[in-house]
Every structure is written in C-alpha cells, then in structure tokens.
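Notes for the one structure printed next.
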Amino acid sequence: MGKYYQEEIETASREEILKIQNEKIVKQVKHVYENVPYYRNLMDEKGVKPEDIKSVDDIKKLPFLSKADLRDAYPYGLLGTDLKNCVRIHSTSGTTGRRVVAFYTQHDVDLWEECCARAIVAAGGTKDDVIQVAYGYGLFTGGFGVHGGSQKVGCLTLPMSSGNTERQIQFMMDLGSTILCCTPSYAAFIGESLAEKGYKPTDNKLKAGIFGAEPWTEEMRREIEKSLGIKAYDIYGLTESSGPGVAYECEEQKGMHINEDHFYAEIIDPDTGETLPEGSKGELVFTSLDKEAFPLLRYRTKDICVLTREKCACGRTHIKMCKPMGRSDDMMIIRGVNVFPSQIETVLIKEGYTPNYLIEVDRVKNTDTLDISVELQPGQFSDKVSDIQAKEKALEGAMRTMLGIGPKIHLVPPKSIARSEGKAVRVIDKRKLHD
Amino acid sequence: MAIRQLSVFIENKKGKLSDAVKTISEAGINMRAMSIGDSDDFGILRLIVSDTAKAYSLLSEDMIVKVTDVIAVKMSDKEGALYTVLRVLEKADINVEYTYAFTARELGAYVVFRVNDVEAAEKALSDKGIVLMTEDEIRSI
Ligand SMILES: [Zn+2]
C-alpha cells in the first residue's frame, strides 16, 4: 500500500467519478422511494418521482431532510431496509433534543470503514503503524469508525476509547503509538498532560493525529502539532451520514477530500435552499449514494463551509470541503452581533490561554450578556488579586476587538472546565430557558 | 528575614477553599497564618505553613500554587505599632500590596506584609530598630 488506500477511485478522473455517481444516485433514490415511506411522502408532496432523477444534476429537485425530520422519524421512520438486515446502530449525543439513531447493514459498515481507511492512509498510515483510538467507543461513531478503518489498513489498533489519560499515556509510551485518533480538545489535553509529566514532544513515537467530531481552529492545530510533535489531520463526518470519514485531510492540510463515490455534496443558501455554485459559502448538504439501512437524500448538515474542485497536489481528485466555519446552530446572535465560538478560541490562543473555555449567554433586563470562563495557566498566576483582574480586563479588550461586543471574562483554575471526551459542550445559552 | 508564603488560586465556589485546607491539614502540616483575597470569580488563598516545600508539592498536584516572599512584624502591645511600620515603609517609598494579621497564643499578634521590594523593606525597618520575624520563629510556634 502506498500513498492511497484505493488509488483507482481516489485519483479517478472527473468523468469517471461522475459516471459512478450518476449510476449510484438513480439506484439510491429508487431504493429510498420504495423503502422509506417518510421520504416517499416528501417526494410525493414535491411532485418528484424516482424517474425524474437521472443524474446527480437532478439531485436539486429532491426535497431536503433536516435534523428535525430525523427526530420526527425516530426511531425507525427513515430505515431503508428490514431490521433483520441491520447489524449495528449508532446514535448522536442527544445534547440538543431527541436522539437520532442511525442503522447500518454490513455493507454500510464496510463502506464507512473504507472511508476511514482512506483517511488513515492519507495521514500516512500503513501496516506498520500503531493506531491509538482515543475516540469514545459506544453509540458515538468516532471509536468504531476509526477502529474499523484502522484494521482495514492493517494497523495495530489500540481500542483505548476516551478518558483515563494516565492509561492513554502509558500505552502511548509503552506500545509506541504512531497515530493518535481522538477529538482535538482531547488531543490538546493529552499534550498538556504529557508536558506536565515532563515528557518532551520528541519523547513519543507519534507521527500523526486524526482529529475530528468537534470544531477546531488552525491555531489549535498548530498547538497540538507542537505539543505532540506530530502532523495533525482533520476528519469530518456525521452520525447521520455514517460517522467520521465522509471527508478527510491529505498531507496538503488544505481542506478535506469528500469521498465522492459514496457521498454527493452540495452547498446551499441556508435561507432560500437554493443550490449555490462551487466556491460559494453556505450550508453543506449531503446525499448518500449507496447506503442500505440509513440512506439520506439531501441532508442539511447545518455546517457552513465552501467546496472546491481546485486540483490538489496530493493527486486525489475528490472535491474538497473547507473546515466548517461554524454551524448555523452554533452561531450566536448576541446583542445583534453574530458570534462564533471559533472566534473566541482564536483570541484565547493568541493571548496565551488554552482553548478550553465555557461560554454562557443570558439575558438580563432585556440585554444579552456574554460570559466566558477561561482557565488560567500556572505561569500567569499572581498572588495579587489586582494582577489577575488586569488579565481579565486585557482579555475582555482583545475579545471586544475580535467579536465587536464585550464579554465578561472569568479566569478559573486549570482543569476546572470539563474536558470533552466525546463532543465539547462549550456554549450554554440560557436565553432559551426564558423564552 | 523574608518568610515564604504560599498563594493558591481557587475558584470562588463552595468547597474549593476547604479542599485546599483539607489537603494541608491531612498531611499534618500546620497553618501559621492565612488570608484570602478574592473577586467575584476567584479567590487567592495565602498561607504560611510549618512545611512550605511539602505543602507546595501537595497543593500543586491539582492547583496553581506560587511561593512569594513576605515579611512579618510582631506587634507590640504599644498602640500605634502598625502605624509606625506603615509610616516607615511609606517614607522608604515601598508599596504594600496587601497585609494581614494573625494571632498565635505563644507569639501574640503579628502582621504579614506583602511589599514590592522585600530587601528594601527589611533595611528600612531595621534602620528604625523594628525587628522582623524570622521564618524559623514563625514555624516553631
Ligand atoms: Zn489532497
């Protein structure tokens, strides 16, 4: 195995990919129409018949699916095959409302693991590698997805799951892990813990990390790369669309290649639903091309991003998506200003703080309030109250410059903000409680 | 004559202060003086203890701890003793960041001063015949 897991498909010409996509979409739509009454009703309402879909160009005629549909249809409403053909379920964390349950046949699991295997090879993984999977195993897709991909590549796979950092470090050192897979915030935490134990970034055998399942910034990438002495690769996926591996980064680290033979991506205007041309910023929409148990047509991810077909130096031809710039869900409107958590993260790293923070938004006397708790670093501590208050004021100033509104900063002791082992809960919007 | 003070960063939340105090007392370390400076968000616990090194290593396992030099003066029963010290420091252009008083049965009352320049403060006070407490003296209470 060389640079690619499946060279033929990963470097296929545009025409070849289109041919595969067009063949698959016709079958996929037919499969959904025949097996998923919930979606058949949506198509009927819109007056679209399976015969109307002859190529991926016709996808824009199809109705959208949203997370709300998935919740309405819970648990079996979007199931595309008999339950006895299914071998697995996974589920979203359910932090915002009812859970979404996704089903998999063995074909679906294989397809997903194949996507993850491509991501691992793109990050330099070979049979010689030792992959430490510190994503959670369980209903969360992270652990099992990467685990399956890792085995497909032939790597020695350490199914650590998340948490128990002591043990993570012990195995990492004793078994010489070469690739770490987990959420970026957990990678940063492992990096901090290694430093605390007196390890230098060169003391471990890690060469790469594949991090995803939560938003992270370029600044955070550089921090992690420095603290672990690795090259950090982004990976993208949603439980709804199978899990991590829908898109992944290559060594260029400039956007993630979408596995186009399995997923068709569009960018739409989130307000009008209109499909936007390549290079436009908008909401990412995915259509599965060959899923059996949980096929989703035109699923709105709520992730804001840009697609590009610019030629990639890695040789892969699949379309690339940029790192999501924020979720339409995550975007907070505070005192009329759009605020993304990623902007707050950028300021924190620039000002020498860890990107571990908690945002609390509330409404007091009809005015929105923004409170951000940030962990003080040992080197920043002073025995004088006024020194620490001055640091809070300085950070408030830097935030005001970036965000356009002034938050209240609360410095708290290190590790007092819960670290994410699955997905980070970084925003608590209490305004919703009052509505 | 400087005395080592430990400062601990604690969250202004129920139980956080007692966590720190518990860590020390369970290790058999005695507190010689204590004060807290706080804001709405955080508190800074300042301690002078019988075994600074041991307390530092225990506390710093999961808290931010810092060692700062301070000076301490025994307060005589004479009225105006504190005022005299403050006057001397002020005249010598030394800033007092904070002070706190503590009473021990055997030693009576003494006041801890956190100043911007420990050496200068020691000199200014001893020139005026004011004797500073030594670390041994405070620890041997
Ligand atoms: Zn590439």
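The values are calculated or read from the model by the stated rules, or taken from the named source; none is laboratory data. These figures come from a predicted structure and were not determined experimentally. Neighbour counts are summed over all protein chains in view; Cβ atoms, including those assigned to glycine, are modelled from backbone coordinates with ideal geometry.
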Would you confirm whether any residue within the stretch B:31-38 is more than 14 Å from chain A (Cβ to nearest Cβ), free of Cβ contacts under 8 Å to residues at least 60 places away in the same chain and out of contact with any Cys (no Cβ under 8 Å at 6 or more places or on another chain)? yes
Of all the residues that make up the stretch A:152-170, how many are of a type in the set (S, T, N, Q), surrounded by 17 or more Cβ atoms within 10 Å (Cβ to Cβ) and in a helix (DSSP H, G or I)? 2
Output yes when any residue across the stretch A:79-86 is in contact with a strand residue (DSSP E or B) (Cβ under 7 Å, 6 or more places away or on another chain), more than 24 Å from A:Glu266 (Cα to Cα) and assigned to a helix (DSSP H, G or I), and no when none is. yes
Only residues that are outside any helix (DSSP H, G or I) and surrounded by fewer than 18 Cβ atoms within 10 Å (Cβ to Cβ): list them for the stretch A:28-62, please. A:Gly47, A:Val48, A:Lys49, A:Lys54, A:Ser55
Given the conditions (1) assigned by TED's automatic domain parsing to the domain that holds B:Glu11; (2) out of contact with any helix residue (DSSP H, G or I) (no Cβ under 8 Å at 6 or more places or on another chain), every one holds for B:Ile64 apart from (2)
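Yes/no matrix, rows are residues, columns are (1) more than 15 Å from the ligand (Cβ to nearest atom); (2) under 15 Å from the mean Cα position of the chain (by Cα); (3) within 14 Å of chain B (Cβ to nearest Cβ):
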residue: A:Trp216; (1), (2), (3): yes, yes, no
residue: A:Ser227; (1), (2), (3): yes, no, no
residue: A:Tyr248; (1), (2), (3): no, yes, no
residue: A:Pro270; (1), (2), (3): yes, no, no
Whether any residue in the stretch A:307-323 is more than 16 Å from the ligand (Cβ to nearest atom) and either of a type in the set (A, V, I, L, M) or modelled with pLDDT of 90 or more (or both) is what I want to check. no
Regarding the stretch A:180-199, can at least one residue be identified that is among the β-branched types (Val, Ile, Thr), modelled with pLDDT of 90 or more, in a loop (DSSP other than H, G, I, E, B) and assigned by TED's automatic domain parsing to the domain that holds A:Thr301? yes
Any chance the stretch B:74-94 includes a residue that's charged (D, E, K, R), within 14 Å of chain A (Cβ to nearest Cβ) and not in a helix (DSSP H, G or I)? no
Tell me, which residue of the stretch A:374-404 that is among the β-branched types (Val, Ile, Thr) and surrounded by 16 or more Cβ atoms within 10 Å (Cβ to Cβ) is nearest to the other protein chains (Cβ to nearest Cβ)? A:Val385
Between a first residue in the stretch A:233-260 that is without any contact (Cβ under 8 Å) to a residue 40 or more places away in the chain and a second residue that is in a strand (DSSP E or B) and within 13 Å of the ligand (Cβ to nearest atom), which pairs have beta carbons less than 8 Å apart while being 6 or more apart in sequence or on different chains? A:Gln253/A:Tyr233; A:Gln253/A:Asp234
Only residues that are in a helix (DSSP H, G or I) and of a type in the set (Gly, Ala, Ser): list them for the stretch A:202-229, please. A:Ser227
